[in-house]
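One structure is given here, and the rest of the page talks about it.
What follows draws every value from the coordinates through simple rules; no lab data is involved. Note that the structure is predicted; figures quoted are calculated from it, not measured. When we count neighbours, we look across all protein chains shown, and the Cβ atoms used for this are built from the backbone with ideal geometry, even at glycine.
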Amino acid sequence: MGDEKFDLFCPECNILVETDVIAKGSGGFTSSASNPIDEADADYHGDYYYISQCKRCNQPFLIKQSLYGIPGEFETITEESVLYPAESRIPIENLPTMIKSAYDQACRSFTASLFEPCVLMCRKSLEVVCKMHDANGNNLYQKLESLKKAEHIDQRLLNWSHEIRAIANDAAHESLSNIEKEDARDCLDLTEAILLYVYSLGSRFDNFKSRRENKNA
């Protein structure tokens, strides 16, 4: 496929890599023209699909590239997304913007192999959860205990939260910091589970319960 390449995050190598395009196909193009005579001057949009491979481990990728243009004037890429391998993280519904921002930064840090910033942003996610639930205390330990006392989390989630807090404390002190990939991954997964429990599963259970009650009625 010539010199066509994409710089992508490889989940196997866990770094940003250069990938070589080995196949390309069109998903079809549509024009805004109302009749064929006007098509030469009408704007259009469409998609291309690429298959590429990581140059390090041969991990395959499927990329969708959406285009918009006007014949003879310009053509621009409006969107580019990796369809395979798919993002593995579970979408968290009802997540407040402030918490989503911190959590997304944790995910991006892990993707870039920045493991210390990843666990620090996991801690920040918990700090914002405490703030938004008016948890009491002079430090994060006390606020997490307050969160559990108010029944926003249970004992298991409290234990997980304290582990995230502890490893983030290590990351905050450069002389003690030695955050490995596995530790960052666990922090991210545990943070995800806590946020799912606090913000998504409760409303999903309420909807489930409501549907059951309506059926029984």
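Are there GluC sites (Glu not before Pro) in region 70-140 that DSSP marks as loop and that have at most 16 other Cβ atoms within 10 Å, and which are they? Can you show the working numbers first?
On the way: sites: Glu73, Glu75, Glu79, Glu80, Glu87, Glu93, Glu127; in loops: Glu73, Glu87, Glu93.
For GluC sites (Glu not before Pro) across region 70-140 that sit outside H, G, I, E and B with at most 16 neighbouring Cβ atoms in 10 Å, the list reads Glu73, Glu87, Glu93.
At 0.36 nm per residue, minus the direct Cα-Cα distance, what do Phe208 and Asp189 gain on full extension? Give it in nm, one decimal, please.
On the way: separation 19, 0.36 × 19 = 6.84 nm, distance 2.50 nm.
In short, 4.3 nm is gained.
Quickly estimate the mean residue ellipticity at 222 nm for the chain, helices only: each DSSP H run with n ≥ 4 gives -39500 (n - 2.57), and the total goes over all residues, rounded to 500.
Values: 6 runs with 91 residues, N = 217.
Result for the chain: -14000 deg cm²/dmol, rounded to the nearest 500.
Roughly how tilted is helix 140-149, in degrees to the nearest 10 and between 0 and 90, from the longest Cα axis of the chain?
For helix 140-149, the angle is close to 80 degrees.
Quick one: angle between helix 202-216 and the longest Cα principal axis of the chain, in degrees between 0 and 90, rounded to 10, please.
Roughly 80 degrees, rounded to the nearest 10.
Which distance in nm do the two modelled labels at Asp43 and Tyr84 give, with both placed 7 Å along the Cα-to-Cβ direction?
Going from the Asp43 label point to the Tyr84 one covers 3.3 nm.
Tell me the relative contact order for region 76-184 as a rounded percent, counting alpha carbon contacts under 8 Å between residues six or more apart.
Details: 86 pairs, mean separation 27.3, N = 109.
Reported as a whole number, the value is 25 percent.
Taking 0.36 nm per intervening residue step and subtracting the Cα-Cα distance, what contour gain separates Met132 from Ser200 on full extension? Before the final figure, lay out the partial values.
Values: separation 68, 0.36 × 68 = 24.48 nm, distance 1.54 nm.
Taking 0.36 nm per residue and subtracting the Cα distance, the gain is 22.9 nm.
If you fit an axis through the alpha-carbon atoms of helix 97-111 and take the longest principal axis of the Cα set of the chain, what angle between them do you get, 0 to 90°, nearest 10?
Approximately 70 degrees, to the nearest 10.
Over the chain, what is the mean sequence separation of C-alpha contacts under 8 Å (at least six apart), divided by residue count, expressed as relative contact order in percent? Mind dumping the intermediate values first?
Values: 316 pairs, mean separation 30.0, N = 217.
For the chain, the relative contact order is 14 percent.
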